[in-house]
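Just below is one structure, and these are the notes that go with it.
No value in this document is a laboratory result; all are computed from the given coordinates. This one's a predicted model, so the numbers in the text were calculated from it and none came from an experiment. As a convention, Cβ positions derive from the backbone with ideal geometry for all residues, glycine included, and neighbour counts pool all protein chains shown.
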Amino acid sequence: MTATSEARASKALARPTLAMLPKVSDNLSFLYADICRIVQTDTGVCAEVSAGAGNVHRVQIPTASLACLLLGPGTSISSPAMATFMRHGTTVVCCGSGGILHYGSMVPESRTTAWLDRQVRAYADDKARMAVARRMYEMRFGEEVEEGVGIERLRALEGQRMKALYRGLANKHRVKPFKRSYDPADWDGQNPVNKALSAGNAALYGVVYSVIAHLGCSPALGFVHAGKQRSFVYDIADLYKAQTTIPLAFSLHDAENPEGRARTRLRTDLRLYKMIPRMVREIQVLLDPSLEDEEEDDGPEITSSRWRVVDLWDPTSGAVSGGVNYAQKGD
């Protein structure tokens, strides 16, 4: 592996995608900002952008209705502005250009741990973990899996489906033979489909990571993938590759700059970002299947009262209200 080729591969993946992410629902939105300074003013939080000749243009940020703020390159934020976002329950994410890379995130203390609790419970129990893995397969391929099917069989079924998908797209676009590979040591030596697919997947991982961070889940606790800090990110991203990055990559099989074209197409079509509402809902349904029959427009967002400080664990109901004296009469 040479330093030049590795740097070229990293640069090829870390390119801008979008400046604005659409609303997840009426009260749940994602916003991306770069090359600006975010400050607290007397009237609220603003993004300051240089307008030349020493002039500064200010754009008001709707902190009360913003769920997640993604800070891209060239962005700085003041401490008072950060405090305002935390008070309003807004997740703040530090990311690469266009939200592709995820460097870290800050989740406000007011955010409930309900989804993390569900994730940990399912992850720690082999039976529950298998049930989540089964639901992932069903979401991904749109077919039911029998109760007794094991993880080995699921992996085999997934492999068969992916082979068939690659084969069908290769025939459609006359790309033969095709083999999926990602080698940063030989980035220039890879075919256009693999370059486009790697760039597209990197963009998808960044978006999924931001959604997971906003929900307060752990990116490391995967149900199919394991052993990586982004195992759950890979789990969720796999649900959408067959509809987004894979067919897009094959359509760019003869492009001169396939990785750049992949990013442009994803940016122009808003393909990944239009899927954010679906990602939010499907992560929630994976962790709590009882939500599956609820109305889609309602958005199964778990909230808590402004003044509810903390819950107490209960083995029967899951949680009971904190700040309550549970001593029995006469104790």
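Quick notes
- Distant-in-sequence amide H partners of S29 (H built 1.01 Å from N, under 5 Å): V24, A67, C68
- Residues whose placed amide H lies under 5 Å from that of C36, excluding near-sequence neighbours: T75, S76
- Hydrodynamic radius by Kirkwood, which averages 1/r over all alpha carbon pairs of segment 192-250, in angstrom: 11.7
- Stretched out straight at 0.36 nm per residue, the stretch from R155 to S65 would grow longer than its current Cα-Cα span by 28.3 nm.
- If you take all other residues with their beta carbon under 13 Å from the beta carbon of G159, and give Lys and Arg +1 and Asp and Glu -1, the sum is +4.
- For Y240, Y234, Y182, the sequence from fewest to most other C-beta atoms within 10 Å is Y182, Y234, Y240.
- Kirkwood-based Rg to Rh ratio, segment 114-290, C-alpha trace: 0.98
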